[in-house]
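Asks: Right, I'll just put the structure down here and ask away after.
The values are calculated or read from the model by the stated rules, or taken from the named source; none is laboratory data. Source: prediction; values computed, not measured. Positions of Cβ are generated from backbone atoms using ideal geometry, with glycine treated the same way; all protein chains shown enter the neighbour counts.
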Amino acid sequence: KISKKYNKKEIFALKAVFDEADADGSGEIDSSELRKALSKSSLSAAAVDMFKALDRDGSKRIGFDEYLKAYYKFASPAEIKELMLWVYPPKEEEVVEQRKLSDAQKAEIKSIFVLYDANNNGLLEKKELFEALTASGYDDEEIEEMFEEYDQDGSHAIDFDEFCAMLESSYLD
């Protein structure tokens with residue numbers, strides 16, 4: 001496990017040093033910020049070479065991920081990504097998007113879909129969708145808006161994947 005291999009306090013200490021050097025608060029360090037940060041140390045003469053070594057993607061800016069890669073030379077890309085999550089945890093809406101329907105929930109949605117797919121063509125036409133969602137308490141305007149939003153392929157019908165996407169938020173809230 002990554003928390004046994006890396007020390008969270010050390011990662012946050014590195015982030016504090018990084019943020020101190022990031023004078024403009026952009027989340028990246030440019031060469032002038034690095035030179036200024038090193039000006040008080042014996043490393044100031046090496047600032048240009050250090051910057052080139054740290055700027056692995058050649059963007060002329062050093063991101064915290066590049067900073068970590070330089071500090072933890074043997075860390076895998078997956079480990080760096082995990083360390084970045086310690087410092088930059090996903091926002092609430094990103095966490096919600098990562099959640100998925102369980103197999104049982106998909107099966108339940110499938111049974112609803114099949115129940116209202118009156119002509120058994122694997123699609124819910126607008127009339128079938130209105131019937132299904134009216135029974136669930138939605139009003140006509142809401143259903144119309146949902147139909148427009150979730151008919152992603154423009155087929156004027158909702159396939160099972162689109163129906164799942166439509167009901168997903170109801171199941172995951």
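The rows are residues; the columns are (1) of a type in the set (Lys, Arg); (2) under 22 Å from ILE29 (Cα atoms).
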| position | (1), (2) |
| --- | --- |
| LYS81 | yes, yes |
| MET84 | no, yes |
| LYS100 | yes, no |
| ALA104 | no, no |
| PHE113 | no, no |
| ASP139 | no, no |
| MET146 | no, no |
| ILE158 | no, no |
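Asks: Sort out which residues of the stretch 103-132 are surrounded by 14 or more Cβ atoms within 10 Å (Cβ to Cβ) and not acidic (Asp, Glu), and write them in order of number. Give the derivation first.
Replies: Filtering the stretch 103-132 for residues surrounded by 14 or more Cβ atoms within 10 Å (Cβ to Cβ) gives 105-106, 108-109, 112-113, 116-117, 123-126, 128-132.
Within the stretch 103-132, GLN105, LYS106, ILE109, ILE112, PHE113, TYR116, LEU123, LEU124, LYS126, LEU129, PHE130, ALA132 meet the criteria.
Asks: Among residues belonging to the stretch 44-69 that are among the aliphatic types (A, V, I, L, M) and out of contact with any Asp or Glu (no Cβ under 6 Å at 6 or more places or on another chain), point out the one that is modelled with the highest pLDDT.
Replies: Looking only at the stretch 44-69, we keep the residues that are among the aliphatic types (A, V, I, L, M), and these are 45-48, 50, 53-54, 62, 68.
If we keep only those that are out of contact with any Asp or Glu (no Cβ under 6 Å at 6 or more places or on another chain) too, we end up with 45-48, 50, 53, 68.
Working: ALA45: 70, ALA46: 75, ALA47: 75, VAL48: 77, MET50: 81, ALA53: 84, LEU68: 90.
Checked the stretch 44-69; the qualifying residue modelled with the highest pLDDT is LEU68.
Asks: Here's another thing I want to ask about it. Could you list, in sequence order, all residues of the stretch 3-40 that are acidic (Asp, Glu), touching a Gly at 6+ places or on another chain (Cβ under 9 Å) and not in a helix (DSSP H, G or I)? If you could, list the steps in order and put the result at the bottom.
Replies: Going through the stretch 3-40, the residues acidic (Asp, Glu) turn out to be 10, 19-20, 22, 24, 28, 30, 33.
With touching a Gly at 6+ places or on another chain (Cβ under 9 Å) added as a condition, the list becomes 19, 28.
Result: GLU28, single match.
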